[in-house]
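Comments concern the structure below.
Taken together, the values in this text are just the output of simple stated rules run on the coordinates, not laboratory data. What you see is a predicted model, and the numbers here were worked out from it, not measured in a lab. Cβ sites come from the backbone with ideal geometry, for glycine too, and all protein chains shown count toward neighbours.
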Amino acid sequence: MTTKSKLLKLFEENRGVYLSGGEIAQDLCISRTAVWKAVKALQSDGYFIDAARNKGYCLSTQTDILSEQGIKKYLAPELSKSDIFVYQSISSTNTVLREKANSGAPEGCLVLANEQSSGKGRMGRSFYSPVGSGIYMSLLLRPKNCSGNDAVKITTLAAVAVCEAIESVSGEKAQIKWVNDVFVKGKKVCGILTEGSFSLENGALDYAVLGVGINLYPPADGFPRDISNTAGSVFGNVVSDAKNRMVAAFLKSFYSYKNSSSPTGYAQKYKERSLVIGKRVTLVSANAAREALVTDIDNDCRLIVQYDDGSVGCCSSGEIRVRL
C-alpha cells in the first residue's frame with residue numbers, strides 16, 4: 001500500500017478530526033515531509049483536506065469521492081476482504097472486470113469508476129456516465145451450478161439491493177420498472193446490466209459480471225436531450241460521503257440475499273417495489289411489440305401479463321414500455 005493510500009485510510013477513519021503531522025508520521029512510520037507530500041497528492045485528487053497551524057490536517061466531512069478505503073470502512077470484515085479497484089476514468093467497468101475475470105480474479109472483485117467513456121446499457125445501448133455525478137460499478141460473481149435461467153435472478157436481486165441502498169442512504173422511496181431499472185420520484189436513477197460467460201461443456205455459468213450505474217447527482221451539463229425527460233438523480237446536491245456509503249449499502253444488501261437460505265427471499269420485496277403491476281405496458285421483442293396488462297410478478301420475478309385477447313403470458317426477460 002502506498003503512503004497516499006495509507007494516509008487516505010487514516011483520514012477516512014477520522015473524518016472531521018484534525019490529526020497533527022507528527023501523529024500521522026508516527027502512525028504511518030514516515031517523515032513529516034512525506035506526510036505533507038501525500039496530503040498534497042490527495043488534495044490534487046480532489047479531497048478537501050484542511051491544513052491548520054497548531055491543529056494539523058483534517059479531511060472534510062463534506063468530501064464525496066469514491067475510494068477503496070472509503071467503501072471498506074463501512075463493510076463488515078468478511079466483505080472488506082474483497083478486491084476493490086477504483087478508477088478515475090475507464091471505458092466500461094463491465095469490460096475491465098471481464099478482463100480481470102478471464103485472468104482469474106476471485107468472486108467479489110469490484111471495479112468502480114468516476115467516469116465511463118463507453119458505459120454499457122441493455123440491448124446494446126450506451127449508459128450515460130459523466131464524471132463525478134454517478135456510481136458506476138461492476139461486481140464479479142462465480143456461482144456454482146448456475147444455469148442461464150438462474151442467472152437472470154442476479155439482475156432482479158441486484159435491483160432490490162439498489163433500492164434498499166438508495167432508501168438507506170437518501171431516505172427516498174425507490175421502485176423497480178421491470179426488469180432492471182430503478183426509479184426515484186418517477187425518474188430513472190439506475191440501470192443494471194448482467195453479462196455472463198458460459199461453459200461450452202455443460203452450459204453452466206462460469207462467471208457473471210453484474211454492472212450497476214446509479215445517477216447520484218445531476219450532471220454538470222444536464223442529461224442529454226434524448227433522456228432528459230426520463231433520467232433523474234438520487235440527490236440534488238452533494239451529500240457527505242454518499243458514494244462510499246451507497247456502494248457499501250448495496251454490497252451489504254446484495255450479499256444478504258445472495259447468501260440467504262431462501263433463494264427467492266427477495267422476490268416479495270421486488271414485487272412490492274414494482275412500478276408496473278396493474279398498468280398497461282408494451283412488451284418489446286426483436287420482432288414485434290404487443291400490448292398487455294401486468295397482473296402480477298411471480299416468485300421468480302417473472303412478469304405475468306394478460307393480453308387483449310384474454311390470453312395470459314409469462315415473461316422472464318425482455319423489455320417493456322410503460323407510461324409513468
Need the full-extension length gain, CYS314 to SER5, defined as separation in residues times 0.36 nm minus the C-alpha distance. One decimal, nm. 106.2 nm
Rounded, prolate or oblate for the range 280-321? Axes are the square roots of the Cα gyration tensor eigenvalues, ordered a ≥ b ≥ c, and the cut-off for rounded is a/c under 1.5. oblate
Mean projected area in nm² (Cα convex hull; one quarter of hull surface) for the range 206-267: 6.7 nm²
Lys/Arg Cβ at +1, Asp/Glu Cβ at -1, dipole of the range 95-247 taken about the Cα centre: which of VAL209, GLY232, GLY108 is farthest positive-ward? GLY232
Please compute the Kirkwood hydrodynamic radius over the range 1-125, one decimal place, Å, based on all pairs of different Cα atoms. 16.3 Å
For 236-247, 301-312, 108-119, ranked highest to lowest by mean beta-carbon neighbours within 10 Å, the order is 108-119, 236-247, 301-312
Quick calc: nm separation of the 7 Å Cα→Cβ label points for SER168 and SER126 -> 3.3 nm
Taking 2.2 N^0.38 Å as the expected size of a compact globular protein, what ratio does the Cα radius of gyration of the range 258-301 give against it, to two decimals? 1.46
What does the charge count near GLY132 come to, summing +1 for each Lys or Arg and -1 for each Asp or Glu among other residues with Cβ under 14 Å from its Cβ? -3
The range 280-321 - percent relative contact order, Cα under 8 Å, separation 6 or more: 37 percent
Per-selection metrics, the range 68-272 (Cα): Rg and Dmax in Å: 16.0, 50
